[in-house]
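These notes are about the structure you will find just below.
The values are calculated or read from the model by the stated rules, or taken from the named source; none is laboratory data. This one's a predicted model, so the numbers in the text were calculated from it and none came from an experiment. Every residue, glycine among them, receives a Cβ derived from its backbone with ideal geometry; neighbour counts consider all protein chains shown.
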Amino acid sequence: MTNGRTSNQALPLPAWGIRLESRKVDSETGAIKKMPPPGELIVALKQNIGVPAETIVQPGERVLKGQPIAIASRWGLSVAVHAPTSGAVMAIEERPIPVAGGGTGESVIIEPDGKEERYAGYVAQMNSKRLPPPQIRNEIMEAGIVGMGGALFPTATKLNPGSGIQALILNGVECEPYISADNALLTERSDQVLRGAAIMLAALDCDECLVAVKADMAEAQAAVQAAIDALGDDRISLVVVPAFYPAGGERQLIELITGKEVQAGGLPWDVGVVCQNVGTAAAVAKFFDEGEPLISRIVTVTGDGVGTAANIEVMIGTPIVDLVEFAGGYTDDAAGLVMGGPMMGFSLPHDQLPVTKATNCILVAGQAELDPSVREMPCIRCGECARVCPAALMPQQLLALARGPDYEALESQGLQDCIQCGCCDYVCPSYIPLTSRFIEAKQGLWENHLVSQRSALALRRFDARGERLERRESDRSDELQRQVDEIGPAGEIDADALRQLKQRVKSKKPGDKT
Ligand code: SF4
Ligand code: SF4
């Protein structure tokens with residue numbers, strides 16, 4: 001399915017996107033570090049797209065490492081949440097969580113006891129690949145596993161597309177310029193990623209897995225190829241993707257590898273593909289190999305504002321302030337915090353926020369990296385933004401429509417297809433923050449849809465009421481006619497009796513007996 005190419009031959013450059021200067025080298029040097037438990041863990045219950053998990057522990061209770069502390073909600077897409085280590089539940093309360101635009105979420109506050117005592121409820125399942133697909137998916141759901149590339153979509157749901165899946169693509173492309181967490185994972189633990197891939201193939205009942213790695217990740221490529229050779233599973237192969245941004249976007253990667261385009265509003269399933277992050281595959285293997293649910297992840301901590309850039313394996317719920325401290329603390333140059341990379345990440349207001357399953361990078365930006373000196377200028381219609389857009393949009397046109405805002409036109413011009421990659425901002429000579437305008441416009445479009453849905457509902461209710469009233473009026477006329485017919489021809493009764501009868505029928509309420 002590799003667009004007519006052999007697996008480790010680099011795919012051609014796409015017509016869209018940009019080449020970014022890599023800033024990964026600082027965090028790439030050195031092995032993955034493991035951070036010990038901090039003094040307090042803030043475990044947010046909303047760790048997935050959809051509905052937050054529901055707590056099953058109480059303040060004062062002792063919990064063990066890997067023990068479920070919240071179960072998947074029955075009210076929508078949801079996954080379980082587990083205690084990252086052993087300790088005491090100190091509180092269950094609203095705490096600030098790291099989401100774009102800020103916000104709070106119910107969180108379980110755990111004070112680690114340093115014993116790392118393990119929960120015995122989950123055991124390793126060495127025959128995992130022979131389990132029936134529904135059971136594999138149930139286990140993955142139970143393990144609280146979500147898309148580790150930052151999307152947070154429940155993995156078990158994504159592994160249940162029905163029949164007709166021809167390939168599983170494992171995304172290890174990591175095209176943001178500072179992030180190297182997946183690179184480190186592939187370099188050091190490719191065997192674990194491939195074990196997860198084999199379990200996912202069994203869940204999908206599929207026979208092809210393509211592990212996508214970027215052309216400038218030589219060590220990771222070598223490690224993946226060595227692991228494939230050692231495993232001897234000819235269903236799994238390596239695909240080398242151009243070092244171009246945003247080649248790691250799900251739709252863009254599928255198009256690069258298969259030549260197939262996922263249509264607007266469609267899903268990768270439509271073209272016979274399921275795409276998962278390499279970190280997600282590693283999390284699946286860890287649960288089946290060791291009985292450990294998703295309680296930790298690798299985070300790249302980098303930027304001019306941190307002492308020593310590194311990839312750090314950290315417990316979910318670790319406060320960012322402690323993570324930065326573990327990475328050598330802030331330098332005098334530290335000027336701001338970003339979660340995710342500089343292209344698709346978002347600013348954090350402070351460091352008292354926890355690491356979540358979505359945290360792949362904490363960028364502690366220095367003064368120069370924030371570059372506050374740029375000033376927005378008017379659009380000069382150069383067309384550069386359209387040239388680089390990976391979603392084939394016309395950003396300058398969307399910008400004009402977003403000013404209105406003209407939601408109908410924004411929708412017809414494909415605003416929903418914008419993947420918020422930031423390419424248009426990057427090339428814009430007028431320094432227009434196009435992406436943030438599109439994020440706001442998407443939010444407005446969503447709210448506008450809600451208002452339209454409410455108006456349509458109100459209109460339907462109004463029409464239904466009109467129909468009810470009409471029906472009632474017609475029933476009354478029929479009733480009058482029936483009683484008149486019962487009495488006989490109008491000429492045979494006196495006029496007063498007829499008037500009283502009409503009055504009686506008029507004043508009758510629905511449901512009154514005749
Ligand atoms: S790149 Fe900037 S200046 Fe050029 S057309 Fe797009 S919005 Fe306008
Ligand atoms: S942010 Fe949206 S409009 Fe801009 S280049 Fe990316 S996909 Fe296109």
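As a summary of the residue check, I380 satisfies the conditions (1) more than 30 Å from G307 (Cβ to Cβ); (2) within 16 Å of ligand 2 (Cβ to nearest atom) except for the one numbered (2). Counting only residues that are in contact (Cβ under 8 Å) with a residue 60 or more places away in the chain and either over 12 Å from G17 (Cα atoms) or away from ligand 2 (no atom under 11 Å from the Cβ) (or both), the stretch 384-418 holds 3 of them. Scanning the stretch 117-147 for residues that are loosely packed, with under 15 Cβ neighbours inside 10 Å and out of contact with any helix residue (DSSP H, G or I) (no Cβ under 6 Å at 6 or more places or on another chain) yields a count of 10.
Quick one: would you say I419 is surrounded by 15 or more Cβ atoms within 10 Å (Cβ to Cβ), among the aliphatic types (A, V, I, L, M) and either more than 10 Å from ligand 1 (Cβ to nearest atom) or outside the structural domain of C379 (by TED's automatic domain parsing) (or both)? Yes; evaluated as a whole, the condition is true for this residue. The conditions of being among the hydroxyl-bearing types (S, T, Y), under 24 Å from the mean Cα position of the chain (by Cα) and farther than 22 Å from G291 by Cα are met by S180.
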